[in-house]
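Accompanying notes for the structure given below.
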Amino acid sequence: MSTGPTSAGVPTAGPVPPVLLALRPEIGELGGSNARYEKFLTDLEGLYRDADAYREQLAGDDGRPVYWVESSQTEDGPGGLITGISVLEPGVVGTEYAMTRGHLHAISDRSELYVGLSGHGVMILDAVEGDSRVVEIGPGQAVYVPGHWVHRSVNTGTERLSTLFCYAGDAGQDYGIIERAGGMKSLVVVDGDGWSVQPNPDHRGYELAERA
Ligand SMILES: O=P(O)(O)OC[C@H]1O[C@H](O)[C@H](O)[C@@H](O)[C@@H]1O
Ligand SMILES: [Fe+2]
């Protein structure tokens, strides 16, 4: 009896074979992946503080995805890793640079490694109880996100930001925590030719939001 992935890439019982992936960051593909999802501007209602600027962009939206993820998972259970690339188109909504929704892992102690592949951006990292950090990510830079940190990628450049990520297959994502808190603690905004970090005046605190 054979073990390992079926032709559709669905794991069956027993050890699975090694996985070989081809990173194509500029075109935004991960060869050998077995899952993909896309996010469109229409999916991001409420993400940016400037609702008028968001609506204006929607009016001229070309309908292409603003970010997408191609990933590979071949093992179920806590020992398996999900490996993928996240590809975020450049842009600005109001004064905020293009960003992902962001999340805390549903199993919140699960960590994640990000490796910059192409383009330039930052990650906003919020400790649920504690501080907020904004760290650069680009080619040759890696960011290890420990458990219990809410995380989001932001494209501060003019090209696609592509990152390789890897995290525990059972981690899951809690997206609601950011909404309930009124957004993340920090905003990454246009500042002259570059970017700067501002405190988000709408942020209510994750702990309070979770207790409410
Ligand atoms: O899941 P989002 O917050 O929308 O961000 C998009 C993607 O960003 C990162 O690359 C994460 O590792 C992915 O798991 C995530 O799906
Ligand atoms: Fe994550």
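Read-outs: derived from the displayed coordinates by stated rules, not from any lab. The model shown is predicted, which means the values in this text are computed figures rather than measured ones. Neighbour counts are summed over all protein chains in view; Cβ atoms, including those assigned to glycine, are modelled from backbone coordinates with ideal geometry.
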Strands (runs of 3 or more DSSP E) contained in the range 79-146 and holding at least 3 residues within 20 Å of Ser33 (Cα to Cα) and not aliphatic (A, V, I, L, M): 81-88, 112-118
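If you check Arg55 against the conditions, is it surrounded by fewer than 19 Cβ atoms within 10 Å (Cβ to Cβ) and not in a loop (DSSP other than H, G, I, E, B)? Give the derivation first.
On the way: surrounded by fewer than 19 Cβ atoms within 10 Å (Cβ to Cβ): yes; not in a loop (DSSP other than H, G, I, E, B): yes.
Here the answer is yes, as Arg55 does meet what is asked.
Determine whether Thr83 is in contact with a Ser or Thr (Cβ under 9 Å, 6 or more places away or on another chain), under 20 Å from Ala181 (Cα atoms) and not aliphatic (A, V, I, L, M). Quick ask: steps written out before the conclusion?
Values: in contact with a Ser or Thr (Cβ under 9 Å, 6 or more places away or on another chain): yes; under 20 Å from Ala181 (Cα atoms): no; not aliphatic (A, V, I, L, M): yes.
Answer is no for this residue.
Just a yes or no: is a residue in the range 165-184 part of a strand (DSSP E or B), out of contact with any Lys or Arg (no Cβ under 8 Å at 6 or more places or on another chain) and hydrophobic (A, V, I, L, M, F, W, C)?
So the first thing to find is which residues in the range 165-184 are part of a strand (DSSP E or B), and the list is 165-168, 173-174.
From the residues that got through so far, the ones that are out of contact with any Lys or Arg (no Cβ under 8 Å at 6 or more places or on another chain) too are 165-166, 173-174.
Those still in the list that are hydrophobic (A, V, I, L, M, F, W, C) too: 165-166.
Yes, the range 165-184 has at least one match.
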Every pair of residues 6+ apart whose Cβ atoms lie under 9 Å, when the first sits in the range 93-122 and is of a type in the set (Phe, Trp, Tyr) while the second is in a loop (DSSP other than H, G, I, E, B) and surrounded by fewer than 22 Cβ atoms within 10 Å (Cβ to Cβ): Tyr97/Pro90; Tyr97/Gly91; Tyr97/Gly157; Tyr114/Gln141
Pairs, first farther than 16 Å from Arg101 by Cβ in the range 45-63, second assigned to a loop (DSSP other than H, G, I, E, B), C-beta under 6 Å, six or more apart: Asp50/Gly94; Ala53/Gly94
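Could you pull out the residue among Asp131, Asp76, Asp109 that is away from ligand 2 (no atom under 16 Å from the Cβ), among the acidic types (Asp, Glu) and under 30 Å from Pro17 (Cα atoms)? Steps first, please.
Numbers: Asp131 fails: under 30 Å from Pro17 (Cα atoms); Asp109 fails: away from ligand 2 (no atom under 16 Å from the Cβ).
Matching residue, one of Asp131, Asp76, Asp109: Asp76.
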Subset of the range 116-162 that is within 12 Å of the chain's Cα centre (by Cα) and hydroxyl-bearing (Ser, Thr, Tyr) - its residue that is farthest from Glu96 (Cα to Cα): Ser162
Total residues in the range 85-113, condition within 30 Å of Pro15 (Cβ to Cβ) and either among the aliphatic types (A, V, I, L, M) or surrounded by fewer than 22 Cβ atoms within 10 Å (Cβ to Cβ) (or both): 10
Residue match in the range 107-117 (condition: within 24 Å of Leu58 (Cβ to Cβ) and within 13 Å of ligand 1 (Cβ to nearest atom)): no
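Could you tell me which of the residues Val154, Val189 is more than 12 Å from ligand 2 (Cβ to nearest atom), surrounded by fewer than 21 Cβ atoms within 10 Å (Cβ to Cβ) and in a strand (DSSP E or B)? Step through it out loud before you land on a result.
Values: Val154 fails: surrounded by fewer than 21 Cβ atoms within 10 Å (Cβ to Cβ).
Just a single option satisfies the conditions, and that option is Val189.
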